[in-house]
Amino acid sequence: MNYEAPAWLPGGNLQTIWPALYGRRVFGPPPQYRRERWDTPDGDFVDVDFLATAPAVPGVVRPLLVLFHGLEGSSRSHYAEAFADVAHAQGWDYAVPHFRGCSGEINVGPRAYHSGDFEEIGWVLRRLRAGHAAQAPLLVVGVSLGGNALLRWAEEAGGTAAATVASVAAVSSPIDLAAGGWAIGRGFNRQVYTRMFLRSMKPKALAKLAQFPGLFDRAAMLAARDLYAFDKLFTAPLHGFQSTEDYWGRASAKPHLHQIQIPALVVNARNDPFVPAWSLPHQNHVGRHVTLWQPAHGGHVGFPKGRLPGHVRAMPDAVAGWLAARAGLPFVPTPE
C-alpha cells in the first residue's frame, strides 16, 4: 500500500481520531441496509446488514464483500460505510455481520464476542457462502478485532478455507493482543481510547449481569479501569479462557500466520496507537500466502487522504482492489 498521510494531519492519534469523527466516508450516496436476523446454533442470534443493491440479474454474478467490524463497531462505523461505498461503486454485494450485542440490541445468551472468535466467523461465512451464488467469490475483510478473528479463522481452517472464501484482509488488527493491551493501557491511550471503549462495554456487561445474575462480580466491573481488568472479569471467563493472559495468548493471530493457505493481506500502520510497530511481524515470519502492508502512517483504521476535512476511502479502495485481484476480478478505483 503506497500511502502518505496529508501534511495537515500529522501523528497516529490525529490520524485515528479525525477520520472516525470528521472524514468523508463515501463518494456516492450514503449506504442503505436491509437487516436479517439469524438464529445461531446455540439459541442466540446475530444481525447481518446487507447493502441494498439492485435486484439480481440472471446470468450476472456479483461478488460478495463481507466486513467483520472492530471492537464495539457496527455497519455504521466509518470504515464499514467506506467499504460499503466501494462495494456500491464496483457493483458488488456487501454484508456486515454484527458480533453479538453490537447491532443495537443485546443478545439473549450469556456469551458476547472476542478477538479470537473464529468459530463464529466460520459459521457466518459458511452461511453466507451457502446463500450466495456458488460461482460468486466471497471477499472478506476484518477491521481491528474483527480482522484478528478473521485471521484466526483462516489459520484454523487451513486448506479448507478456500472452499468458503477467495481472499481475506485484516486492517489495523491487534494480531499480538498482549502488545495491543499494553499499548492501549498506557498514558494518552488509557485516558482516551480505553475510556471510550469501556463507556460502551461496561453497560453491556452489566446488562448481561441483569440477564444472568452471578455471571461476574458487579463491584469489580464497576471498578475496572482498563481492558485487562475487563477481559479478566468478563471476556476471558465467559468464552472459555483461564485468564486475560490465556485469552490474549490463545486468541492472537500473529503466532499462527504461517498456517494460512488462502491469499491474506495484513495491513498495519506503523504509527497505530493501538498496535506497537515493534510487535508487527516481518514477511519472513509469515507463510507464503500472507502479504504484509505496513505503511509509516495511517493511525488506527484512519488512513486519511485529501484536503481538509479529508476522506477515508483510500484504504478501503486499496484493500478491496487487492482482494479482487487475488480472486481474478476486475477493479476500478473510484476517482476522488
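When the strands (runs of 3 or more DSSP E) confined to region 24-99 are screened for residues that are among the basic types (Lys, Arg), those reaching at least 1 such residues are found at 33-39. Open to solvent by 10 Å² or more (accessible area, probe 1.4 Å), more than 20 Å from Gly28 (Cα to Cα) and among the aliphatic types (A, V, I, L, M): does that describe Ala325? For Ala325, the condition - open to solvent by 10 Å² or more (accessible area, probe 1.4 Å), more than 20 Å from Gly28 (Cα to Cα) and among the aliphatic types (A, V, I, L, M) - is met. Among the residues of region 266-282, those identified as surrounded by 21 or more Cβ atoms within 10 Å (Cβ to Cβ) and within 13 Å of Lys254 (Cα to Cα) are Val266, Val267, Asn268, Val275. Identification of helices (runs of 4 or more DSSP H) wholly contained in region 189-261 with 1 or more residues that are free of Cβ contacts under 8 Å to residues at least 40 places away in the same chain and either touching a Leu at 6+ places or on another chain (Cβ under 6 Å) or over 30 Å from Gly159 (Cβ atoms) (or both) yields 195-211, 218-223, 227-230. Cβ-Cβ contacts under 6 Å between residues 6 or more apart (or on different chains), taken from a first residue in region 7-32 that is over 11 Å from Val312 (Cα atoms) to a second residue that is part of a strand (DSSP E or B) and of a type outside the set (Asp, Glu), are listed as Pro31/Leu51. In region 68-82, is there at least one residue being at pLDDT 95 or above and open to solvent by 50 Å² or more (accessible area, probe 1.4 Å)? Yes, region 68-82 contains at least one residue that is at pLDDT 95 or above and open to solvent by 50 Å² or more (accessible area, probe 1.4 Å).
Kindly indicate which of Gly240, Gly181, Gly214 is exposed (fewer than 15 other Cβ atoms within 10 Å of the Cβ) and either within 16 Å of Gly116 (Cβ to Cβ) or modelled with pLDDT under 95 (or both). Lay out the reasoning, then the answer.
Details: Gly181 fails: exposed (fewer than 15 other Cβ atoms within 10 Å of the Cβ); Gly214 fails: either within 16 Å of Gly116 (Cβ to Cβ) or modelled with pLDDT under 95 (or both).
Exactly one residue qualifies, and that residue is Gly240.
Open to solvent by 10 Å² or more (accessible area, probe 1.4 Å), among the hydrophobic types (A, V, I, L, M, F, W, C) and within 23 Å of Leu64 (Cβ to Cβ): which single residue out of Ala229, Ala318 fits that description?
The match here is Ala318.
Exactly one residue among Gly131, Gly122, Gly116 is out of contact with any Pro (no Cβ under 9 Å at 6 or more places or on another chain), closer than 20 Å to Pro174 by Cβ and of a type in the set (Gly, Ala, Ser), and that residue is Gly116. Within region 159-178, the set of residues being assigned to a helix (DSSP H, G or I), open to solvent by 10 Å² or more (accessible area, probe 1.4 Å), touching a residue at least 60 places away in the same chain (Cβ under 8 Å) and within 24 Å of Arg326 (Cα to Cα) comprises Gly159, Ala162. The set of residues in region 203-245 that are of a type in the set (Gly, Ala, Ser) and either within 21 Å of Arg190 (Cβ to Cβ) or within 22 Å of the chain's Cα centre (by Cα) (or both) comprises Ala205, Ala220, Ala223, Ala224, Ala229, Ala236, Gly240, Ser243.
The values are calculated or read from the model by the stated rules, or taken from the named source; none is laboratory data. Treat the numbers as computed from the prediction; the structure is a model and nothing was measured. Cβ coordinates were reconstructed from backbone atoms using ideal geometry, including for glycine residues, and neighbour counts include every protein chain displayed. The protein model used for the area step is the full one, side chains on, heavy atoms only, and it has no ligands, DNA or RNA in it. Shrake-Rupley method; radii C 1.70, N 1.55, O 1.52, S 1.80 Å.
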